[in-house]
Amino acid sequence: MDLKPRNLTESIICLIALMITPKRCLTRPRVNLIPDCLLEIFSYLKDDRKTLFSCIRVNRLWCRLAIPILWSTPFKYYSQKYTYKIINTYITCLNTQDKVILKKLGLRNCIKNNHNNMKPLFYYPRFLEGFIIDNYTLGLKKWVKENFQNENLLRAQQIVDTMMMELIFNENCSLKKFKYVNYIEISRIELLKKLSNFNLSLINTFEFLGHGYTKEMYFNILPNLFNQMSKSSRNIKHLSFYFPKTISTTITTKTSIYNNNDSANLDLSIVNLIKSQNSLESFSTNEFWMKCSTEKIFNSLISHSNSLKFIKFFTLINFNQEFFKYIKQIHSLRTLEFKRFLFFEHFDSNLSNMIIPQNYLSQIQNIYFEENDIPFRLIDTIIRLSNHSLKRFYSKRILNSIILSSIKSFCPNITHLHISLEKSSDLLLNIIKNLPLISLYLQVRYNFLSLKSCLPISLQYFGLDSEIDQDDLDDLLNNAILPNLSILELLSISDINENFRNIFIKFNEKFNHSLKELRLEKSLLKEFILLDKKELWNTRSFKLSEVKNFKYSAYEEIFGCPYYKYT
C-alpha cells in the first residue's frame, strides 16, 4: 500500500488500517477495472469536461475510452476560446487535398504548416453525437477571422464551412442530437438538400429553428427533408420547430405568388414526421401552419397520446376552444408551456363564458408561462382546467388577485411555485402557508416582510428577488422555521456591513447545517467573499455560487440547451 499521510490524524488512521487489514490483502496484486466498467463510470462525467481531460492523461486505455465521450458534443456551448480550439482540431482531420486548398486561400503561415504536417491522434468527427449548428457557426467565423486575410474572409468562410459539413455529415454519420439554426450570412441550401441522404436513423433530438428562408426552402427543400426523415428517423424523442410568424401571413396575403397546395406541403411533411416516430416524448413549436392544417397537426400529436409528456408553444395565433379538446386527448401529457400569444383579444370574451368541467385537464401537472404579456384570462382558465393535479406553476407574468384566488381554490397540491407579484398580500401569504411547497421563488416589489410567518416547513428551495436591506433579511431568516432548506437564492440586498455573512452562518447552525448552497447576485457574492476573508476562523458549511438568470421555462431542461431567441 502506498500511504502518504498529510497530518497526525491521517497517520493514526493509516496505522490502524495496517494493523487490522489482513496480510493477504496487502500483498494482493492491484485489480484493474475492465473497459466496460470504466466506460460506465466515464459516462457519468459527460458534463464534467475538466475531469474527462484529466482521465485521458492516465493511460492509453483511459484515453481511448474517454475521448469519444469528451468529443461527443463539442459544440454544446459556445465560448470564443474553447469553440475556436474545437474548429482548429477539426481542421487537422481534413484530408491533404482540402488542406492544400486552404493553403492557396491564404491560410496564415503560423498555422498552415501545423495543419499540413500534424496528424491527429483520433479522427474526432467520428465521435460526434450532438451538433448545434449556431454555436459551430460562431466558432467558425472566429477561426476564419483569426487565420485568413481580411479580403478573403467571406469566401474562406464559405469554403471552410463546406469542408466541415462534409467532414461531419457523411455516410458514417452517428448524430443523435441535431439543432439547426439558419444564418443568413451562410447559405445552407446545399446542406439541407444533402441532409436527407445521410444516415440520420440514430437521431433522438431534432431542433429546427429557422428564419430568412426562400420560397424554394419552404415549399420544396424542407418538405423533402422532413418527408425523407419520416422514413429513416423513427426514434426521435424530442422534436422542436420554429418558423417565422411571417410564413403564415405571407401565404395567406400573397396567394397570387404562392399556391395553397404548395404552402401545405411543409405542414403535411411535419405531420408525417411526427406520426412516423415510435414514441415522441416532447414537442415544441410556434403556429407556423395554415389554419386548415390545425386539425392534422394536433391529430399527429394525439397519435402519441401514450408517450408525449411535454408540449411548448413559442407562439399561438389562431387560439380557440378547440385547443383544449385536442390537449385533453393527449393522456400522457404532464407539462404544458407557453411563450407568446398573438391576436388573443378576439377570443378573450368567449373564453370568459366557457363552461369549465372540473378536472378537464387532469393529466397536466406542470404549467409554465415564460413571457410577461400572456393574457390573465388564459392563465386563469388553464389553472381551473388542471385543478387538483397541478404540481408546478411558473409564471413570469405579474399575477393579480384573480389568479391567486384561483390557485387557492383549485390547486391545493402545488409543490413548486415560482411567480412574480407587485406586492405580497394576505391572500398570497395564506396560499404559501397552506401549500405543500418544496420550491418557492418570489419576485416581489413591495411588502414582503410578513413572509417570515408563513414559509412552510417543507421548503427545500427559496428564492427571493426583492429590494430589502440586511436587517430585514436577518429578521426574515431569524423568525422563519425552515429545517429542510438546502438552497437559498437572494438578490438586491442593500446596506451590507460586517455582520452580513454571520446571518447565514447563524441560520445554518440553527437548523443543523441543512443549508447546502447560498446563491447571491454578483455584487453581493463579491462582498460576501471579501467579508469571509476577514474572518477565516469562522468556517462555512455551505457552497457559495452566483445567481443566474431565472428561467420560467422547462424547455432547456428537456432539450439540453437554450433555444434561439427569436422576436
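Bear in mind that the values in this text are calculations on the coordinates, not laboratory data. Remember, predicted model here, so these are calculated numbers, not experimental data. Heads up, the Cβs are rebuilt from the backbone with ideal geometry, glycines too, and the neighbour counts pull from every protein chain shown.
Starting from the Cα of Arg234, step 7 Å along the direction of its Cβ; do the same at Ser494; then give the gap between the two resulting points in nm. In this crude label model, Arg234 to Ser494 measures out at 6.4 nm. The label-point distance for Lys193 and Phe550, in a model that sets each label 7 Å from Cα toward Cβ, rounds to 5.0 nm. Here the spin labels are modelled as points 7 Å beyond Cα on the Cα-Cβ line, and at Asp475 and Lys423 they lie 1.6 nm apart. Per q in 0.14 1/Å, what log10 I(q)/I(0) does a Debye calculation on the alpha-carbon atoms of the range 425-551 return? Calculated log10 I(q)/I(0) at the listed q: -0.58.
What's the exposure ranking of His416, His331, going from fewest to most Cβ atoms within 10 Å?
Placing the least packed residue first, the sequence is His331, His416.
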